[in-house]
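Data first, discussion second: the structure below is written as structure tokens.
The values are calculated or read from the model by the stated rules, or taken from the named source; none is laboratory data. Owing to the predicted nature of the structure, the values given are computational and were not obtained by experimental measurement. Neighbour counts are summed over all protein chains in view; Cβ atoms, including those assigned to glycine, are modelled from backbone coordinates with ideal geometry. Surface areas here come from the heavy atoms of the whole protein model, side chains and all, with no ligands, DNA or RNA. Shrake-Rupley method; radii C 1.70, N 1.55, O 1.52, S 1.80 Å.
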Amino acid sequence: MPVSPPARTPAPASELPDDRYLNRELSWLDFNARVLALAEDQSQPLLERAKFLAIFASNLDEFYMVRVAGLKRRNETGLAVRSADGLSPREQLARIAARSQAVAVAQAHVFLDQVRPELERQGIRILRWDELSDAQRLRLSDYFSAQVFPVLTPLAVDPAHPFPYISGLSLNLAVTVRDPEGRTERFARVKVPNNVPRLVRVDTPGEDITFLPIEDLISAHLGDLFNGMDVTEVHAFRVTRNADVEVEEDRDEDLLQSLERELARRRFGPPVRLEVTDTMSEHVLELLLRELDVDPADVVTVPGLLDLTALWAVHAVDRPDLRDEPFVPATHPAFADRETPRSIFATLREGDVLVHHPYDSFSTSVQRFIEQAAEDDNVLAIKQTLYRTSGDSPIVDALIDAAAAGKQVVALVEIKARFDEQANIRWARELEKAGVHVVYGLVGLKTHCKTSLVVRQEGSTIRRYCHIGTGNYNPKTARLYEDMGVLTADPTIGADLTDLFNSLTGYSRQTSYRSLLVAPYGVRRGIVRRIEDEIEAHRQGDENARIRLKMNSLVDEQVIDALYRASQAGVPVDIVVRGICALRPGREGLSENIRVRSILGRFLEHSRVFHFGAADEYWIGSADMMHRNLDRRVEVLLRVADKSLAAKLGEVFDSCLAPATRCWTLHADGSWEPSPDADSGITPVRDHQAEMMLRHAAVTVADAE
């Protein structure tokens, strides 16, 4: 821990400098740049680098569909609400446009100049039509005639044919054709079908793995679509539309029907970005801008391929030598007696269990908890929140089985979970059909907490078993996302969850709990109060006073200002943030006692953990320090009271914050500095996630012995 300078009297918020916040949107772009840096990192396996390029592209799509769309709406409606750092929506949009163009070009060159040549050296080629052999072209022409041509629809644009609707994120070809007799040029649009592979496999057994972009195949055969015409130009383009759903919630209208109506409207949202290839001619670009009603500032010009989410197909290639070594999560020692699974309920009667995914298996801990509850004749009721789950969800199946067995089952399905609305609506109807009591939460709030409550008859008493976690009940993402959860039979926590579910399903107005902090009433207030307690403890000479926070995003001004006051008082503050951070660390007189670092890697760091040293308190839960989490969502933080579990959380912090741990460090000017490379000789570099895998493997082996 760094030595703190002499304490200053913390300044009230009104006296803190006006420029104390970083812009959240630009901070998000910095986060995505860190993802791109992983694609550049030659120490990463090659196919994983291709994966990070695809993740970068997908992240940027969502950023435009939601964040940029919201800024545009505020700018166009005259709601000149400035960001915390003082920028108007127009100023933010201008900065985003400049940064987006720069990162789009950077991503393209990482692919064209680094990843693609490396793939080719490894026998995986992504070629253009003019790079194919005659034999390959012949095979692809047959494929085009049989599989692609029948689903193509060229749409002309002329006085009799208005410009067609361009759906969001679809790939399209802008085609210019000329009548060889009249010499008149015409424009047409050809939509690249999304029901054929974007990257078409060209190779035959014994050849290098070879892909061709589907748009190249269509472009080479446009003569079949425009018989008798000369094709003079063809350029790919892509439109991103506003996809943020705003549901007007009214107690007199069915929320599910209202949301379905808004989802139908979403596909017709206004354009917020136009991506074009850098070969597009000026007159074709001008036509697209005019017909799509797109501002030139919203054009992103990309060298090479558009939409590198296509690289997921490359990542799926069967080349284990070019990807991360397989990792199989282990059953938590508490739930395994050598090779024999133990009863979850018997285990929890002995004490609480902390699970750390993906290092601890989700399927043999949390999933098994719900499945055993569904099968157990002594279980009377199961109450469960569902925010995002997988397409084939064993959790949902278990709830359906429990209802069929006559148990009381309540599922709070958050049908407003962004981009999972349709899936959650489907799950809600399936659960209702099976006899599960399905509720959609509270008007005006999203239910984001990760909680499960099982009520079991044990002799003459009723015992409650609980799970509270940081991640979704999704067995697929539980192998990719780093998350934590506590399974417990603690009566106090059971009573708290009972009160919480009563407030979610009924009309209870519970605002205070025994062992939980619950948003929108208690999380911000509880976190700020604990920060202030650490300040007071430091003033009283408590050497244990310190604050350690791990989360996805730190944006909330009240929490940030409290952390500034803690720094001014001399309290050491360490923050591990994966994505957005609006706090400026290391600024003299303001935040010189605050350090911020970001860890990205094989797994998506997703857990939220809070440690207050003087109070000796650890908290985990679903809430990031953002306005939406603290004001517009139901979130739950749980105090981890068990000393042995708290010690494990401390070990995670120690690993994240070790000087040799590979990370990015945030500076006061908003810049992020990466750790030195492992071969630089400056300092030893260790991978936090690899360390966690080794530790959990060691614990599992020791338990087996």
Quiz item: In segment 310-364, what count of residues is obtained for those that are more than 26 Å from Gly621 (Cα to Cα) and aliphatic (A, V, I, L, M)?
Solution: 7
Quiz item: Checking Val231 against (1) touching a strand residue (DSSP E or B) at 6+ places or on another chain (Cβ under 8 Å); (2) touching a residue at least 40 places away in the same chain (Cβ under 8 Å); (3) of a type in the set (A, V, I, L, M, F, W, C); (4) crowded, with 19+ Cβ neighbours inside 10 Å, which single condition isn't satisfied?
Solution: (4)
Quiz item: Considering segment 511-541 alone, what residues qualify as being under 20 Å from Gly613 (Cα atoms) and either part of a loop (DSSP other than H, G, I, E, B) or among the hydroxyl-bearing types (Ser, Thr, Tyr) (or both)?
Solution: Ser515, Gln540, Gly541
Quiz item: Quick one: in segment 589-608, which of the residues that are over 14 Å from the mean Cα position of the chain (by Cα) and not charged (D, E, K, R) is farthest from Val577 (Cα to Cα)?
Solution: Gly589
Practice problem: Can you give me the number of residues within segment 346-367 that are assigned to a helix (DSSP H, G or I) and over 16 Å from Lys450 (Cα atoms)? | Solution: 5
Practice problem: Give me a count of the residues in segment 371-397 that are farther than 16 Å from Asn502 by Cα, modelled with pLDDT of 95 or more and not polar (S, T, N, Q). | Solution: 8
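Of the residues that make up segment 668-676, is at least one surrounded by fewer than 23 Cβ atoms within 10 Å (Cβ to Cβ), over 23 Å from the mean Cα position of the chain (by Cα) and of a type in the set (Ser, Thr, Tyr)?
From segment 668-676, those surrounded by fewer than 23 Cβ atoms within 10 Å (Cβ to Cβ) are 668-676; that's our starting set.
Narrowing the set further to residues that are over 23 Å from the mean Cα position of the chain (by Cα) leaves 668-669, 675-676.
Among the residues that remain, those that are also of a type in the set (Ser, Thr, Tyr) are: 675.
There is at least one residue in segment 668-676 that is surrounded by fewer than 23 Cβ atoms within 10 Å (Cβ to Cβ), over 23 Å from the mean Cα position of the chain (by Cα) and of a type in the set (Ser, Thr, Tyr).
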Quiz item: Of these, Arg426, Arg463, Arg479, which one is closer than 21 Å to Ala374 by Cβ and touching a Phe, Trp or Tyr at 6+ places or on another chain (Cβ under 9 Å)?
Solution: Arg463
Quiz item: Restricting the search to segment 362-385, which residues are open to solvent by less than 10 Å² (accessible area, probe 1.4 Å) and either among the β-branched types (Val, Ile, Thr) or within 21 Å of the chain's Cα centre (by Cα) (or both)?
Solution: Val366, Ile370, Val379, Ile382, Thr385
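So how many residues does segment 413-449 have that are part of a loop (DSSP other than H, G, I, E, B) and modelled with pLDDT of 80 or more? Break it down into steps so the answer makes sense when it comes.
Kept after step one, since they are part of a loop (DSSP other than H, G, I, E, B), are these residues of segment 413-449: 414-420, 434-436, 440-445, 448-449.
Narrowing the set further to residues that are modelled with pLDDT of 80 or more leaves 414, 434-436, 440, 444-445, 448-449.
Selection size over segment 413-449: 9.
Name the single residue that is farthest from Val284 (Cα to Cα) among those in segment 124-166 being among the acidic types (Asp, Glu) and in contact with a strand residue (DSSP E or B) (Cβ under 9 Å, 6 or more places away or on another chain).
We begin by selecting, within segment 124-166, every residue among the acidic types (Asp, Glu); these are 130-131, 134, 142, 158.
Of the ones still in play, those that are also in contact with a strand residue (DSSP E or B) (Cβ under 9 Å, 6 or more places away or on another chain) are 131, 158.
On the way: Glu131: 26, Asp158: 14 Å.
Among those residues, the one meeting the criterion is Glu131.
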Practice problem: Filter segment 485-510 down to the residues that are part of a helix (DSSP H, G or I) and acidic (Asp, Glu), then identify the one that is most open to solvent (accessible area, probe 1.4 Å). | Solution: Asp499
Quiz item: For segment 101-124, which residues satisfy the criterion of being at pLDDT 95 or above, of a type outside the set (A, V, I, L, M, F, W, C) and either assigned to a helix (DSSP H, G or I) or open to solvent by 50 Å² or more (accessible area, probe 1.4 Å) (or both)?
Solution: Gln107, His109, Asp113, Gln114, Arg116, Pro117, Glu118, Glu120, Arg121, Gln122
Quiz item: Considering only residues of segment 19-35 that are under 12 Å from Trp672 (Cα atoms) and among the charged types (D, E, K, R), which is least open to solvent (accessible area, probe 1.4 Å)?
Solution: Arg34
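Okay, residues lined up against (1) among the hydroxyl-bearing types (Ser, Thr, Tyr); (2) under 30 Å from Pro45 (Cα atoms); (3) open to solvent by 20 Å² or more (accessible area, probe 1.4 Å):
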| residue | (1), (2), (3) |
| --- | --- |
| Arg99 | no, yes, yes |
| Arg128 | no, yes, yes |
| Leu132 | no, yes, no |
| Leu140 | no, no, no |
| Pro159 | no, no, yes |
| Pro180 | no, no, yes |
Quiz item: Does segment 67-94 hold any residues that are modelled with pLDDT of 90 or more and of a type in the set (Val, Ile, Thr), and which are they?
Solution: Val68
Quiz item: Within the group Val454, Val528, which residue is touching a helix residue (DSSP H, G or I) at 6+ places or on another chain (Cβ under 8 Å), closer than 25 Å to Ala646 by Cα, modelled with pLDDT of 95 or more and surrounded by 20 or more Cβ atoms within 10 Å (Cβ to Cβ)?
Solution: Val454
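Evaluate segment 333-344: report whether one residue or more is more than 28 Å from Arg602 (Cβ to Cβ) and crowded, with 23+ Cβ neighbours inside 10 Å. Steps first, please.
Going residue by residue through segment 333-344, those that are more than 28 Å from Arg602 (Cβ to Cβ) are 337-338, 340, 342-344.
Next cut, crowded, with 23+ Cβ neighbours inside 10 Å only: 344.
Taking every residue of segment 333-344 in turn, at least one turns out to be more than 28 Å from Arg602 (Cβ to Cβ) and crowded, with 23+ Cβ neighbours inside 10 Å.
Those residues that are in a helix (DSSP H, G or I) and either touching a strand residue (DSSP E or B) at 6+ places or on another chain (Cβ under 9 Å) or open to solvent by less than 30 Å² (accessible area, probe 1.4 Å) (or both), I need them from segment 396-412; list them, please. Spell out how you get there, then give the answer.
Narrowing segment 396-412 to residues in a helix (DSSP H, G or I): 396-404.
Val396, Ala398, Leu399, Ile400, Ala402, Ala403, listed by residue number.
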Quiz item: Among the residues of segment 1-53, how many are at pLDDT 95 or above and of a type in the set (Gly, Ala, Ser)?
Solution: 5
Self-check item: Filtered residues of segment 368-395 (kept if in contact with a Lys or Arg (Cβ under 9 Å, 6 or more places away or on another chain) and part of a helix (DSSP H, G or I))
Solution: Ala373, Ala374
Quiz prompt | Odd one out for Gly78, checked against (1) of a type in the set (Gly, Ala, Ser); (2) outside any helix (DSSP H, G or I); (3) within 22 Å of Asn59 (Cβ to Cβ); (4) out of contact with any strand residue (DSSP E or B) (no Cβ under 9 Å at 6 or more places or on another chain) | solution = (3)
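Filter segment 457-482 for residues that are assigned to a loop (DSSP other than H, G, I, E, B) and in contact (Cβ under 8 Å) with a residue 40 or more places away in the chain; which is farthest from Asp392 (Cα to Cα)?
Here is the first cut: in segment 457-482, the ones assigned to a loop (DSSP other than H, G, I, E, B) are 459-460, 470-476, 480.
Next, only the ones that are in contact (Cβ under 8 Å) with a residue 40 or more places away in the chain stay: 470-476, 480.
Numbers: Thr470: 21, Gly471: 18, Asn472: 14, Tyr473: 12, Asn474: 9, Pro475: 9, Lys476: 9, Leu480: 17 Å.
Out of the qualifying residues, it is Thr470.
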Practice problem: May I ask you to say which residue of Glu592, Glu617, Glu605 is of a type outside the set (Lys, Arg) and open to solvent by 30 Å² or more (accessible area, probe 1.4 Å)? | Solution: Glu592
